[in-house]
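Comments concern the structure below.
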Amino acid sequence: MSRLVFILTIVLLLSVAAPGVCQKRQTFGIYMIAGAVDARVFAHGSEQWKTLPLRSEPIISDEDIVAYDFSKHAIKLTAEAFNRLPRPSVAGIPFVVVGNGERIYPGAFYTSLSSIPCDVPVIVTDGIRVNKPVEPNTIFIEPAYPKSRAHGKDSRSDERLRAIFAALNKLTARNGGNDRPSLTSDASNGAQSDLLVIVPVGTNTSNAHRGSQEPRSEISGRITDPNGAVVPGAIITITSRSSQTWAYGKSNPDGTYAVDLQPDSYDITVASPGFKTAERESVSVVRASRAHVDFVLQVGEVGSPRRILPSPGSAYANWLESKSTHYTVFFQGGYENDVTFVRKWMDRAEQLMKQKYGVTTDHYRVSVYLYPEPAPAEELDINRSAFNYCCGMTESGMHTGEIELLTISAPAWRANLKSSLGLRKSGEDYHAKVLTSEYIPIGHYAVQDSRGEDGWRYYSAPNWFVQGLQEYDAIFHSTDYNRVNTSKRLYEWAKHNPDRFSCCAPQLKINDDYNGGAVFLSFLAEQFGEGIHARILRSRAPTFDLALATETKPYSLVELFELFRKWLDHKQL
């Protein structure tokens, strides 16, 4: 009898304890997509994210998260997790938020340089936050990019996620967590400027933010032109002389700026289109003090090299500048001849924009950085020699972007390297093609800008059109060698790879965006005239497919593809 009572007692105890003992661990992860896709697959209303294959390991897991402020969707990460965040292109890198093995919502890693809207939540990874002083290693999940694109219910606030972080004891106190410290307060605590202070990881940031209990230190001032008129949207760069960390921001509509800083000595640079860059060195900021520094910007001159501050994320501290009307080339000492080469082909690309597309780059300003060696942080090497990050927009309506290049005389090019079409990568023909392909998209954007908001958008087109048109313009409108010899190799490639082109179930499919896209766009130019590219870009049709159909009448897509096949078969080399 006693044995039976003992057994029953144990069973009862286990039944009572089971919910706690056997409770499954709460899990959270941000998973990137397995395979090559961009954030356009997550357009508003799309359900693709529910079925796309995910990578086996999350890029951010609950173990990487120190604290989650659910009211602002601000996540403080470990330094290791923060440093492995991806650096997306302007098209974004899609992800899916997963809680306890269940897909909760789609999102995308994004860059603030992008002009492509995104309808799902985004994490902007390049560190630019307007009116949001943050602690180191903190990211924000925004509702969309820009925020005005957000539709309907906020998927970030899913109660399943709140419950997971509450169970993990990682919610901040204001969100019902168990006395966890709050993340740094935002603009509601009185920030006056669009400037974000960037401080080294591990630095005590208590003095860097308004609303802290420590006495404040500040630099503030006003930016005007020679006539006393305020200059809004001027780009401000503040660099700590001791740590060499820096911050980028812009002046407010009334020309003022203000930022809280830690005690140190700072260099300040102010730049605005049409004005010379103004500089002030060694501005001292002491504890609980305010330094007032005004700037009067003088009308700018074109083309004078001078020493400037490093680009975002760069390891190079002594850039020199060569300024043109619509672009500025930044380079290291000893590479002056490369600047001459770059400006030659940038100017020719602008001529192409006028002659072929009928547009100018008056509303664009591009910074071109010439790297003298492969730069892992910028992902530049002998295989990927250039990046185009375009474009953000200032309050004045100016589009700004950045092109990064492994410069033509970099020692890395001395090896006997060739492109997919057999071009020597150490030669001028290859680098003329690269420069043209990286700058000509500005002309493509400008064509669509000229027609207003109606019609399809550039990055809603298939990649074979977007990348292929850049490649076509770079091959057929750069050097004579590229026009004659590289184009011949392009056609040879197409004849040997007919399986890269297929149609029509239901759309035209080209499995090589660059070479394949350039071939098909060459076919369109020969059949319908060179102007067809601009006409498609300028079309007010609601989709790219309709724009293509309109400009290739009277052919149906099936007939057009059959015409392409015959053209390629009979193409003389």
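May I ask you to list the residues in the range 51-64 that are closer than 17 Å to residue 124 by Cα and either crowded, with 19+ Cβ neighbours inside 10 Å or among the acidic types (Asp, Glu) (or both)?
First pass over the range 51-64, keeping only residues closer than 17 Å to residue 124 by Cα: 59-60.
The one that is closer than 17 Å to residue 124 by Cα and either crowded, with 19+ Cβ neighbours inside 10 Å or among the acidic types (Asp, Glu) (or both): 60.
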The range 552-573, residues that are over 21 Å from residue 498 (Cα atoms) and touching a residue at least 24 places away in the same chain (Cβ under 8 Å): 552
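Yes or no: residue 341 outside any helix (DSSP H, G or I) and modelled with pLDDT of 75 or more?
Numbers: outside any helix (DSSP H, G or I): no; modelled with pLDDT of 75 or more: yes.
Spelling it out, it is not the case that residue 341 is outside any helix (DSSP H, G or I) and modelled with pLDDT of 75 or more.
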I need the full set of residues from the range 53-109 which are in contact (Cβ under 8 Å) with a residue 40 or more places away in the chain, more than 30 Å from residue 467 (Cα to Cα) and not in a strand (DSSP E or B), in order please. 62, 70, 71, 72, 73, 78, 79, 81, 82, 100, 101
Of the residues in the range 139-171, those that are in contact with a strand residue (DSSP E or B) (Cβ under 9 Å, 6 or more places away or on another chain) and small (Gly, Ala, Ser) come to 144, 150, 155, 163
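Quick one: in the range 436-456, which of the residues that are among the aromatic types (Phe, Trp, Tyr) and touching a strand residue (DSSP E or B) at 6+ places or on another chain (Cβ under 8 Å) is surrounded by the most Cβ atoms within 10 Å (Cβ to Cβ)?
439
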Selection over the range 204-242 where residues are touching a helix residue (DSSP H, G or I) at 6+ places or on another chain (Cβ under 7 Å) and at pLDDT 70 or above yields a count of 1
Scan (1) under 25 Å from residue 476 (Cβ atoms); (2) in a helix (DSSP H, G or I); (3) modelled with pLDDT under 85 for the single condition residue 352 breaks and write down its number. (3)
Restrict the check to the range 296-310 and report whether at least one residue is of a type in the set (Asp, Glu), part of a strand (DSSP E or B), more than 22 Å from residue 431 (Cα to Cα) and modelled with pLDDT under 90. no
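Any chance the range 474-486 includes a residue that's buried (at least 18 other Cβ atoms within 10 Å of the Cβ), in the same structural domain as residue 566 (by TED's automatic domain parsing), closer than 22 Å to residue 546 by Cα and not small (Gly, Ala, Ser)? Outline the logic, then answer.
Of all residues in the range 474-486, those buried (at least 18 other Cβ atoms within 10 Å of the Cβ) come to 474-479, 482, 486.
Applying the additional criterion that residues be in the same structural domain as residue 566 (by TED's automatic domain parsing) yields 474-479, 482, 486.
When the remaining residues are screened for being closer than 22 Å to residue 546 by Cα, the result is none.
Checking the range 474-486: not a single residue is buried (at least 18 other Cβ atoms within 10 Å of the Cβ), in the same structural domain as residue 566 (by TED's automatic domain parsing), closer than 22 Å to residue 546 by Cα and not small (Gly, Ala, Ser).
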When residues of the range 110-134 are filtered for being surrounded by 23 or more Cβ atoms within 10 Å (Cβ to Cβ), assigned to a strand (DSSP E or B) and modelled with pLDDT under 90, how many remain? 2
Could you check, for the range 412-425, whether at least one of its residues is over 27 Å from residue 125 (Cα atoms) and at pLDDT 90 or above? no
Could you tell me how many of the residues in the range 416-435 are surrounded by fewer than 15 Cβ atoms within 10 Å (Cβ to Cβ) and either on the phi > 0 side of the Ramachandran plot or among the acidic types (Asp, Glu) (or both)? 1
In this structure, is residue 104 closer than 22 Å to residue 147 by Cβ, among the β-branched types (Val, Ile, Thr), at pLDDT 90 or above and over 24 Å from the mean Cα position of the chain (by Cα)? yes
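So in the range 513-550, with the set limited to residues that are among the small types (Gly, Ala, Ser) and in a helix (DSSP H, G or I), which one is surrounded by the most Cβ atoms within 10 Å (Cβ to Cβ)?
Initial filter on the range 513-550 (among the small types (Gly, Ala, Ser)): 516-518, 522, 525, 529, 531, 534, 539, 541, 547, 549.
Okay, now just the ones that are also in a helix (DSSP H, G or I), so 516-518, 522, 525, 534, 547, 549.
Details: 516: 23, 517: 22, 518: 31, 522: 23, 525: 15, 534: 18, 547: 21, 549: 16.
Here the residue is 518.
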In the range 374-389, which residue that is modelled with pLDDT of 80 or more and part of a loop (DSSP other than H, G, I, E, B) is farthest from residue 471 (Cα to Cα)? 374
Residue check, residue 505 crowded, with 17+ Cβ neighbours inside 10 Å and either small (Gly, Ala, Ser) or in a strand (DSSP E or B) (or both): no
Residue identified as closer than 30 Å to residue 546 by Cα and in a loop (DSSP other than H, G, I, E, B) among 360, 436: 360
In the range 524-573, how many residues are more than 19 Å from residue 461 (Cα to Cα) and of a type in the set (Gly, Ala, Ser)? 1
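The values are calculated or read from the model by the stated rules, or taken from the named source; none is laboratory data. Note that the structure is a prediction, hence the values are computed from the model and not measured. We place every Cβ from the backbone using ideal geometry, glycine too, and count neighbours over all the protein chains shown.
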